[in-house]
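The values are calculated or read from the model by the stated rules, or taken from the named source; none is laboratory data. Treat the numbers as computed from the prediction; the structure is a model and nothing was measured. For neighbour counting, all protein chains shown are included, and Cβ atoms are generated from backbone atoms with ideal geometry for every residue, glycine included. For accessibility, only protein heavy atoms count, side chains too; no ligands or nucleic acids. Shrake-Rupley method; radii C 1.70, N 1.55, O 1.52, S 1.80 Å.
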Amino acid sequence: MTADYFAAEDLAQETFLSAYEHFRNFDGSNPKAWLCRIATNKCIDYMSHSGRKSIPTEDIWLESSMEAGDMSESPENICMEQETKEMLLMNCRRLKKPYDEIAKAYYYDEMDVKEIAGSRGMKVKTVQTQIYRARSMLRKIYRKENSA
């Protein structure tokens, strides 16, 4: 349902944790349906809140301007785009190794997972895991900046 391998792993873990916490309330009939319902609800909650969890990147700006039909390169838009990229690069550099390099390659340099893995001699799964963890660290940084 999420189309995100790592989010699905997290949601599966949350599903079983929730089932464990609420096992006292379970009436014993059809445990498979009960677990599926919990998992479905976790996915629905994730999908409804996933828009707020995304990290702002250049792609989001491009998509929104394409939808609005505004493809003009105004000085303000160019400046904002450069500022967003600089902020992203600065925040990537704040991460600890190896996440700083992976985040920069993936988010700033816009390399795909296979390119990163090939250039660094790493397994694709390892790169995916490091991107997932870097994304989580970047979210915390952006949340701190937005709440301050």
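For LYS42, a cut-off of 17 angstrom between C-alpha atoms picks up these lysines, skipping any fewer than 8 places away in its own chain: LYS32, LYS53. In order along the stretch 2-15, the phi-based Karplus estimate (6.51 cos²θ - 1.76 cosθ + 1.60, θ = phi - 60°) of 3J(HN,Hα) comes to 8, 6, 9, 3, 6, 5, 5, 4, 4, 5, 5, 5, 5, 4 Hz; Gly and Pro are listed as x. If you sort the three axes of the alpha carbon gyration tensor as a ≥ b ≥ c, you get a/c of 1.5 or more for the stretch 70-112 and a/b no higher than b/c, which makes it oblate.
If you plug the beta carbon distance of SER147 and GLU86 into 1/(1 + (r/R0)^6) with R0 = 30 Å, you get a FRET efficiency near 0.90. Computed with a 1.4 Å probe over protein heavy atoms only, the accessible area of THR40 comes to about 40 Å².
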